[in-house]
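**Q** Just passing along the structure, written as structure tokens.
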Amino acid sequence: MPEQVNSVSESRHPWLLDNRRSALLVIDVQSVLVPFIWEKEKMLRNIGVVLELARMHRLPTIVTEHNPKGLGATDEGLTEILMRTVGYEPLVKDIFSCCGHRHITDAIRKTGRDQVIVVGMETHICVSQTVLDLLERGYQPHVVEDAVRCRWENSHRLGIEKMRQAGAIICDWEMAAYELTYGAKTLEFKDLLALMKRVAAENEASATAK
């Protein structure tokens, strides 16, 4: 739990994100496939925001790339954000579920965290299969709905619904931000306000450009 200026109750609902319990998993945001993704700009922007949250809260972060020889490395713009925030050391996979590879499940286990914040693509394939396998292994996955996408809107909706029905927690980046930050007296709150103002300004600029 973030340090508090004033004493507060430690009793919280177990479904709320806690920065002492959370790790971030960034799944397969790769250059060859990104151009074909529905709402790709929104996805990339929101993943960038979640990476800023991971930096702010010092969350262990794992990045995966699926068959990079065919699908390319992580999107260039996102790689720059990774380098600036949490680092870029991708783990390569060729099974759709991240949990199909021992080196990735070991990396998740070694974080010592039981909550896994999930962003990336594609919603209905690698994200969905990973999230269901995380549930099977006893983790609590939080899927950031506005930071996961796939090629087709309907497949995204179906993937989100399947994960929800299986027991995953669905949130958006702002829900995650405020749950991780916990309160206005935390050390991270000032950074969160600055991030919110920056995102609002970027959204306004984007809307004006259209």
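Since every read-out is calculated from the coordinates, none of them should be taken as a lab result. Please read all numbers here as calculations on a predicted model, not as lab measurements. Counting neighbours? That spans all protein chains shown, and the Cβs are built from the backbone with ideal geometry, glycine included.
**Q** What ranking of Thr64, Thr105 emerges when the number of other C-beta atoms within 10 Å of each C-beta is taken as an exposure proxy, fewest first? Can you show the working numbers first?
**A** Details: Thr64 23, Thr105 17.
Lowest count first: Thr105, Thr64.
**Q** Let me spell out the model: positive unit charges on the Cβ of Lys and Arg, negative unit charges on the Cβ of Asp and Glu, origin at the Cα centre of segment 22-181. What dipole size does that give, in debye rounded to 20? Write out the running numbers ahead of the final one.
**A** Numbers: 18 positive and 22 negative charges, 66 e Å.
In total the dipole reaches around 320 debye.
**Q** Using helices alone, I'd like the mean residue ellipticity at 222 nm for the chain: each DSSP H run of four-plus residues gives -39500 (n - 2.57), total over residue count, nearest 500.
**A** On the way: 8 runs with 94 residues, N = 210.
Dividing the helical sum by the residues of the chain leaves -14000 deg cm²/dmol.
**Q** Please give the direction-averaged projected area of the C-alpha convex hull for the chain, in square nanometres with one decimal. If you can, show how the numbers build up before the last one.
**A** Numbers: hull surface 46.2 nm².
Orientation-averaged projected area of the Cα hull: 11.5 nm².
**Q** Over the chain, what relative contact order in percent results from Cα pairs under 8 Å that are six or more residues apart? Could the numbers behind the result be given before it?
**A** Working: 338 pairs, mean separation 56.0, N = 210.
For the chain, the relative contact order is 27 percent.
**Q** Here's something else I'd like to know. Among the complete DSSP H segments of the chain, which ones combine at least 24 Å of alpha-carbon extent along their axis with a mean Kyte-Doolittle hydropathy of 0.0 or more?
**A** Numbers: long enough: 40-57 (26 Å, -0.06); 189-209 (30 Å, 0.16).
Once both thresholds are applied, what remains is 189-209.
**Q** Now for a separate question. Using mean Cβ contacts within 10 Å as the protection proxy, how do 136-149, 174-187 order, highest first?
**A** By packing density, highest mean first, the sequence is 136-149, 174-187.
**Q** How high is the relative contact order of segment 91-210, given as a whole-number percent (alpha carbon pairs under 8 Å, six or more residues apart)? Provide the component values of the computation, followed by the final result.
**A** Numbers: 132 pairs, mean separation 24.6, N = 120.
Here the relative contact order equals 21 percent.
**Q** Order by neighbour count: Thr130, Thr85, fewest other Cβ atoms within 10 Å first, most last. Walk me through the numbers before you get to the answer.
**A** Numbers: Thr130 29, Thr85 17.
So the ranking, lowest neighbour count to highest, is Thr85, Thr130.
**Q** As a footprinting exposure proxy, order Arg164, Arg45 by other Cβ within 10 Å, with the fewest listed first.
**A** Values: Arg164 14, Arg45 18.
Taking fewest neighbouring Cβ atoms as first place, the list is Arg164, Arg45.
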